[in-house]
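Chemist: Have a look at this one.
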There are 2 protein chains.
Amino acid sequence: MKRPAAGGEDALTALIALVQADLEACNRLIVQRMHSPVALIPQLAAHIVAAGGKRLRPLLTLAAAQLCGYRGDRHVALAACVEFIHTATLLHDDVVDESSLRRGQASANALFGNKPSVLVGDFLFARAFQLMTDDGSLKVLGILSQAAATIAEGEVLQLVTQNDISTTEAQYLAVIEGKTAALFAAATRIGAVVADRPEAEERALDAFGHNLGIAFQLVDDALDYAAEQERLGKTVGDDFREGKITLPVLLAHARGDAAEREFWRRTLEDKEQAPEDLARAQELIERHGALRDTVARAQGYGDAALEALAVFPDGPVRRALAGIVAFCIARAR
Amino acid sequence: MKRPAAGGEDALTALIALVQADLEACNRLIVQRMHSPVALIPQLAAHIVAAGGKRLRPLLTLAAAQLCGYRGDRHVALAACVEFIHTATLLHDDVVDESSLRRGQASANALFGNKPSVLVGDFLFARAFQLMTDDGSLKVLGILSQAAATIAEGEVLQLVTQNDISTTEAQYLAVIEGKTAALFAAATRIGAVVADRPEAEERALDAFGHNLGIAFQLVDDALDYAAEQERLGKTVGDDFREGKITLPVLLAHARGDAAEREFWRRTLEDKEQAPEDLARAQELIERHGALRDTVARAQGYGDAALEALAVFPDGPVRRALAGIVAFCIARAR
């Protein structure tokens, strides 16, 4: 009998165990390549890169390459590229405008300021392209430079739709496709590229990463309003405070009455928030089943991700990747 | 008799005339490739890219290719890459921290805010790497990704030395080598690379761009304290207000007495500046011949740039490039 795909942290542990040596090599390369004679660069980069994180994206590259039967070490450097690009976007995402600074931040930015975060992000981005150039595959360079442009487009679109409650679900989806799914898709796709697998497998891994990325972000957006998170001592309400328009809000807004819509307009568009407003937002989202339905939507994308894996024969890596889908969604349960 | 290399704006006009058609093609490509369905991206990018500027760096790529006898159109796209990288660094250089915002800004940043400047910079940076990937030369990718990393290192080093009057001349030089000379050197070097010229010509063009870039930045740093600039209605004192440690300041500080050093410490390190302090700074810099000597230093690098051109036969392009050296230095006369 097949071992069922584990959910929760077990799935992550299972995947890590399968690529353990590669992941360690990747971590070593990351530390080595973020070095610079300008000491502030590794200092600040370490604050994000070495601060742990799940290394989910490089793990996906390593696992995808293994799924494709790749025997070599190019995937290690490319996994490091993926993590560098991700870290650069995190650093740049930390950059704030004057208005937000008043609210206080808990990020590299808070410790070092806007400008170092931007410049160290640029450094890591450049390093990623140096690593890719050393690898020598124009195909990989094309996939990751396209992903980088798409990420920037998604992030700008997010800014444009921020504080605008008339944002459509299609626009919201375009934002998360750009800011999250594009790099997940590229990370898994290049696993097939290094292994020189047929186009169908490349496309399957791209679809897997894309759908997993959307599911991941939907769950993230749900967690930002989840009472359970609060009970666990985790931060909620960041999106609310920033006026980010996410699916839980869009669903609650669409299902709400006139007074509720006025509440969303005041808090998200006019940015007039009283201390009790977050609790009210959570209550409205809960009452309209908006969290449940956001997670259900995530499950739909998760199912699509699993479907995409069907072109690969069953085996421990495929099962571990399926487990990652369950892991991403289980975070919300 | 040879026509002497023109100084001033004439030299720029002469160079532009030689690469006119290529420059127009490059400008068209820039506008075309900064397009995005996310309208804010071309809007903000246009604010810098299309706002004119001298297009000095792409001009150098186009001229270097022509100097090497290149007959093709790859240099046009690579010149656009160089301009995209330059524009991205300008946008990221505009990013400010809370303290600086209080002083007011006149930049894309002032119109759009920190975050759009960062993200559109990222987009242009990604686009540059897409263009390079389309071009297909791993050698060019290596040169420009290395330059991008070096620029970021130079900019971070500049931050680290800011407000520190004990910065050495060697550190100052490392800053301007990174933030300015690296891209000038890459811009000219790739002219030889596309033309597939021998290593000696590649190195000569790299040395030309490197020395020209240092001369250019030295003059820029001098102009920021030049009374003549003020009379022309141009801004002076930006570096002073930001506490940037540049050669005019280092020379005046080293040559000053105890009271003067205390002045530099208070204004640049403690950032305590009264309205009349800029005039006092200019007066000290003038009295110690620090502007004159900064420009003399620039002339030395300019001479080294001219020397580097000697491996190429005399002709209109070589003369026009020599004219650009004179142009960069003449700005300070």
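The values are calculated or read from the model by the stated rules, or taken from the named source; none is laboratory data. On a predicted model such as this, the values are computed, not experimentally measured, just so you know. So basically every Cβ, Gly included, is an ideal-geometry build from the backbone, and we count neighbours across all protein chains shown.
Chemist: Restricting the search to segment B:122-146, which residues are crowded, with 24+ Cβ neighbours inside 10 Å and touching a residue at least 60 places away in the same chain (Cβ under 8 Å)?
Modeler: B:PHE123, B:LEU124, B:ARG127, B:LEU144
Chemist: Here are the criteria: (1) out of contact with any Asp or Glu (no Cβ under 6 Å at 6 or more places or on another chain); (2) in contact (Cβ under 8 Å) with a residue 24 or more places away in the chain. Tell me which single one A:ALA192 does not satisfy.
Modeler: Here A:ALA192 clears every test but (1).
Chemist: May I pose another question? Give me a count of the residues in segment A:112-134 that are assigned to a helix (DSSP H, G or I), at the interface with chain B (Cβ under 7 Å from one of its Cβ atoms) and not basic (Lys, Arg).
Modeler: Final tally of qualifying residues: 12.
Chemist: Could you run through segment A:189-238 and say how many residues are surrounded by fewer than 21 Cβ atoms within 10 Å (Cβ to Cβ), small (Gly, Ala, Ser) and under 25 Å from A:ALA174 (Cα atoms)?
Modeler: Within segment A:189-238, residues that are surrounded by fewer than 21 Cβ atoms within 10 Å (Cβ to Cβ), small (Gly, Ala, Ser) and under 25 Å from A:ALA174 (Cα atoms) number 3.
Chemist: Show the residue pairs that are 6+ apart or on different chains and have beta-carbon atoms under 9 Å apart, the first residue being within segment B:77-92 and over 18 Å from B:ASP135 (Cβ atoms) and within 11 Å of another protein chain (Cβ to nearest Cβ), the second being of a type in the set (S, T, N, Q) and in a helix (DSSP H, G or I).
Modeler: B:LEU91/B:ASN109; B:LEU91/B:SER117; B:HIS92/B:SER117
Chemist: So B:PRO275 ticks every box in (1) touching a Ser or Thr at 6+ places or on another chain (Cβ under 7 Å); (2) surrounded by fewer than 18 Cβ atoms within 10 Å (Cβ to Cβ) but one. Which box is left unticked?
Modeler: Every condition holds for B:PRO275 apart from (1).
Chemist: Among the residues of segment B:291-308, which ones are among the small types (Gly, Ala, Ser) and either more than 18 Å from B:GLU169 (Cα to Cα) or more than 16 Å from the chain's Cα centre (by Cα) (or both)?
Modeler: Taking segment B:291-308 first, the residues among the small types (Gly, Ala, Ser) are B:296, B:298, B:300, B:302, B:304-305, B:308.
Correct list: B:ALA296, B:GLY300, B:GLY302, B:ALA304, B:ALA305, B:ALA308.
Chemist: In segment B:238-272, what count of residues is obtained for those that are in contact (Cβ under 8 Å) with a residue 24 or more places away in the chain and among the aromatic types (Phe, Trp, Tyr)?
Modeler: 2
Chemist: Okay, moving on. What do you reckon, is B:LEU101 within 13 Å of chain A (Cβ to nearest Cβ) and modelled with pLDDT of 95 or more?
Modeler: No; evaluated as a whole, the condition is false for this residue.
Chemist: Could I ask something else about it? Do you know which residues across segment A:160-178 are closer than 26 Å to B:ILE85 by Cβ and surrounded by 18 or more Cβ atoms within 10 Å (Cβ to Cβ)? If you could, list the steps in order and put the result at the bottom.
Modeler: Residues of segment A:160-178 that are closer than 26 Å to B:ILE85 by Cβ, as a first pass: A:160, A:178.
Hit for segment A:160-178 is A:GLY178, nothing else.
Chemist: Please find, within segment A:15-68, the residue that is nearest to the other protein chains (Cβ to nearest Cβ) out of those that are of a type outside the set (A, V, I, L, M) and in a loop (DSSP other than H, G, I, E, B). Explain how you work it out, then say what you get.
Modeler: Step one: list which residues in segment A:15-68 are of a type outside the set (A, V, I, L, M), which gives A:20, A:22, A:24, A:26-28, A:32-33, A:35-37, A:42-43, A:47, A:52-55, A:57-58, A:61, A:66, A:68.
Narrowing further to those that are in a loop (DSSP other than H, G, I, E, B): A:35-37, A:52-55, A:68.
Details: A:HIS35: 11, A:SER36: 6, A:PRO37: 7, A:GLY52: 24, A:GLY53: 20, A:LYS54: 23, A:ARG55: 22, A:CYS68: 22 Å.
Looking at residues that are of a type outside the set (A, V, I, L, M) and in a loop (DSSP other than H, G, I, E, B), I get A:SER36.
Chemist: Looking at segment B:147-174 only, could you name the residues that are within 25 Å of B:ALA192 (Cα to Cα) and touching a residue at least 60 places away in the same chain (Cβ under 8 Å)?
Modeler: Across segment B:147-174, the qualifying residues are B:ALA147, B:ALA148, B:ILE151.
Chemist: How about segment B:30-55: which of its residues are touching a residue at least 40 places away in the same chain (Cβ under 8 Å) and under 27 Å from B:ALA204 (Cβ atoms)?
Modeler: Answer for segment B:30-55, where residues must be touching a residue at least 40 places away in the same chain (Cβ under 8 Å) and under 27 Å from B:ALA204 (Cβ atoms): just B:LYS54.
Chemist: Taking the options A:VAL236, A:VAL249, A:VAL295, name whichever one is in a helix (DSSP H, G or I), of a type outside the set (D, E, K, R) and farther than 18 Å from A:CYS328 by Cβ.
Modeler: On the way: A:VAL236 fails: in a helix (DSSP H, G or I); A:VAL295 fails: farther than 18 Å from A:CYS328 by Cβ.
None of the other options fit; the residue is A:VAL249.
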